[in-house]
Amino acid sequence: MSRRNALLRIGAGSLAVIAVSAAVLVAAGPIGKSGPVLAQPDVVEIHSAHGSSFVPALEGKRPLFILALGSDARPGQNIERERADSIHLIGVDLQHNRATILGFPRDSWVPIPGHGTTKINTAMVLGGPNLMVQTVESITGIRIDFWLLTSFGGLIRMVDGIGGVIVNVPRAMHDRFSGANFKKGRRDFNGSAALAFARDRHDVPGGDLGRSANQGRLLLAALSKLSTVFGRDPGSLLKWISVGYRNIRTDLSVPTLLQLGLTATRIPVDHVNNLVVPATTGTVGSASVVFISAGARAIFADLRADGYAS
Amino acid sequence: MRPAPRIEPAPDDHAPQPEDVKASRAARSGVARSRRRLFVGLVILVVVLAGAAIGAWAVLSNPTSSPAGSATPATVPNRPPFFFRIGVVRADSTGRDALNAARDSSVVIAGRLSSFYDTVFMDPATWKEGVPDRAWLLFDSSVRARARQESASFTLGSQAASLKSLRVENTSLSVDVLADPRGNPQAAVATVEFKAEGLLVTGQLATITNTASFLFRIEGGEWVVFGYPSANTAIETQALTPSAGPSSSSGTSASPTSASTSP
């Protein structure tokens, strides 16, 4: 029994030695480390910092043209076969990251291919977005690449879907028809407020022309917000595209819309000109109409050249 | 005449033995076996405990083997590969619900990014020999040359050669996936944060921070990067000097001076 006890004592002793050694090792840190165990940094130096960014945008020498349309279809109506009360030709100068929003008053008295001369917004009733494209192309001499069409409800849902937009309201608006009731200045708009702002033509200077300019302001507000949120979170662009795509009709594919969205993020808001086709009001028979001025030709030519009209 | 040698029976000899002798031998044999078993048991116990103690020391002195999983000892032979844990996954659908497609896509994208970060940051071979060509296959051919030109934004850059060891501090990955109206993924944006601490051959501590967002699309059946709205890598170095002791600073516990070996 004495030998057994000796073995037990040896075993226990070994365990104790190992346990103590382990404890010392744990406390002391890595084997072979010389000098004090702990060290503190006393000099911090930015050794290197490199940043880069590449957002693939549409490229090309030729400018890009998109026709953005708003239908006045009511619920249950086919939005492609009702009048287009918001008509904007967007030109993008891909080489210089700048753009132009050119609004057409809905009552513009223009020739519609195959249908004589009538109000421009009738073109969509007669032939849908494609005839709208043909009509604007024939007026301006500009080849349009894509079209986008939304409705009242679509606009509300889009603006709400992106969390609203901040619009610079140029003057106070109080219009019971559209529901616009805004003070002058920067206003945070939800979808309904944005729609009211875009529809009001009764108490804005120039009526239909002033309304068209306000619709351009709404587009600028959206572009401004896109730039901000994309800078913070590039993934937000995909949300914008999904919200947009669900609330528009378009001949764009999702990948192309993504490319357009990426292109838009590269265009500073102050590089976008918001214009309305110069025009005068008048009547044809009993109808109030807008006659596009001769001076518009210069704008069309300027826009056609590089997508930017100054 | 010499007497004939006495032949002792073997323990298993079946030759008849007196009962007391047999009992005595059996008892001695049992004690011996018991002592042998005890000894062998003690030896095994000692070995196991020694292993455990060394393991505990290694864990506590080298956080690269922390149970967090994302921390990877870069310089231990046969190191486990670095892998991003997927955080937020967002499905941006233009039609059908695309959450499942987004989840599947995020797993693939996380795998591709993990492989890239493992290669360009964590692999000691890269420190020595530079970023291998295969790493850049993460990028679509339309943007690959540009990414390589701007490699300092994605990699350790010139600091790689002076790195002795590196361990991951923390990482995050979120993925947004855009799907077409049928629910097929079309594009994704992956946002990455990657922070690691290392030791330079000069004895300086290096803190490496990389933040990036990658635009992904599917080309040839594979998710590839076709843009990077932002990609930044910053490397801060800190000179190590002996301190007066543990109480001299509260921020000194992060020391990458582990038992890892240089590449």
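Please determine, by comparing only the residues of the range A:148-186 that are in a strand (DSSP E or B) and polar (S, T, N, Q), which one is surrounded by the most Cβ atoms within 10 Å (Cβ to Cβ). So that I can check it myself, show each step before the final result.
Quick first cut of the range A:148-186, residues in a strand (DSSP E or B) only: A:148-150, A:165-169, A:173-175, A:180-182, A:185-186.
Filter once more, so that each one left must be polar (S, T, N, Q): A:150, A:168, A:181.
Numbers: A:150: 21, A:168: 12, A:181: 14.
In this case the residue turns out to be A:150.
Condition first: within 16 Å of the chain's Cα centre (by Cα) and of a type in the set (A, V, I, L, M). Can you find one or more residues in the range A:233-240 that meet it?
Within the range A:233-240, one or more residues are within 16 Å of the chain's Cα centre (by Cα) and of a type in the set (A, V, I, L, M).
Can you say whether residue A:40 is at pLDDT below 90, more than 30 Å from residue A:235 (Cα to Cα) and among the polar types (S, T, N, Q), as far as the supplied structure shows?
It is true that residue A:40 is at pLDDT below 90, more than 30 Å from residue A:235 (Cα to Cα) and among the polar types (S, T, N, Q).
Mind counting the residues in the range B:89-100 that are surrounded by fewer than 19 Cβ atoms within 10 Å (Cβ to Cβ) and touching a helix residue (DSSP H, G or I) at 6+ places or on another chain (Cβ under 9 Å)?
Of all residues in the range B:89-100, those surrounded by fewer than 19 Cβ atoms within 10 Å (Cβ to Cβ) come to B:95-97, B:99-100.
Among the residues that remain, those that are also touching a helix residue (DSSP H, G or I) at 6+ places or on another chain (Cβ under 9 Å) are: B:95.
Going through the range B:89-100 one residue at a time, the tally reaches 1.
Within the group B:103, B:167, which residue is among the charged types (D, E, K, R), out of contact with any Cys (no Cβ under 6 Å at 6 or more places or on another chain), crowded, with 23+ Cβ neighbours inside 10 Å and away from chain A (no Cβ under 12 Å)?
B:167
Residue B:120: buried (at least 16 other Cβ atoms within 10 Å of the Cβ), out of contact with any helix residue (DSSP H, G or I) (no Cβ under 6 Å at 6 or more places or on another chain) and in contact (Cβ under 8 Å) with a residue 12 or more places away in the chain, yes or no?
It is false that residue B:120 is buried (at least 16 other Cβ atoms within 10 Å of the Cβ), out of contact with any helix residue (DSSP H, G or I) (no Cβ under 6 Å at 6 or more places or on another chain) and in contact (Cβ under 8 Å) with a residue 12 or more places away in the chain.
Yes/no per residue for (1) modelled with pLDDT of 95 or more; (2) acidic (Asp, Glu); (3) within 18 Å of residue B:209 (Cβ to Cβ):
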{"residue": "B:80", "(1), (2), (3)": "no, no, no"}
{"residue": "B:99", "(1), (2), (3)": "no, no, no"}
{"residue": "B:114", "(1), (2), (3)": "yes, no, yes"}
{"residue": "B:140", "(1), (2), (3)": "yes, yes, no"}
{"residue": "B:159", "(1), (2), (3)": "no, no, yes"}
{"residue": "B:163", "(1), (2), (3)": "no, no, yes"}
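Which residues, counting only those in the range B:123-143, are buried (at least 17 other Cβ atoms within 10 Å of the Cβ) and more than 21 Å from residue B:166 (Cβ to Cβ)?
Listed by number, the residues that qualify are B:139, B:140, B:143.
Condition test on residue A:262, is it farther than 13 Å from residue A:162 by Cβ and facing another protein chain (nearest Cβ under 8 Å)? Spell out the reasoning first.
On the way: farther than 13 Å from residue A:162 by Cβ: yes; facing another protein chain (nearest Cβ under 8 Å): yes.
Here the answer is yes, as residue A:262 does meet what is asked.
State whether the residues of the range A:255-277 include one that is of a type outside the set (Lys, Arg), closer than 25 Å to residue A:176 by Cα and surrounded by fewer than 20 Cβ atoms within 10 Å (Cβ to Cβ).
no
Modelled with pLDDT of 85 or more, more than 14 Å from chain B (Cβ to nearest Cβ), over 30 Å from residue A:306 (Cβ atoms) and surrounded by fewer than 19 Cβ atoms within 10 Å (Cβ to Cβ): is that true of residue A:62 in this structure? Don't jump to the end; show me each part of the working.
Values: modelled with pLDDT of 85 or more: yes; more than 14 Å from chain B (Cβ to nearest Cβ): yes; over 30 Å from residue A:306 (Cβ atoms): no; surrounded by fewer than 19 Cβ atoms within 10 Å (Cβ to Cβ): yes.
Criteria not met by residue A:62.
Would it be correct to say that residue A:283 is more than 23 Å from residue B:230 (Cβ to Cβ) and surrounded by fewer than 22 Cβ atoms within 10 Å (Cβ to Cβ)?
Judged against the criteria, residue A:283 is a match.
Is it true that some residue in the range A:196-204 is within 13 Å of chain B (Cβ to nearest Cβ) and in contact (Cβ under 8 Å) with a residue 60 or more places away in the chain?
no
The values are calculated or read from the model by the stated rules, or taken from the named source; none is laboratory data. Owing to the predicted nature of the structure, the values given are computational and were not obtained by experimental measurement. As a convention, Cβ positions derive from the backbone with ideal geometry for all residues, glycine included, and neighbour counts pool all protein chains shown.
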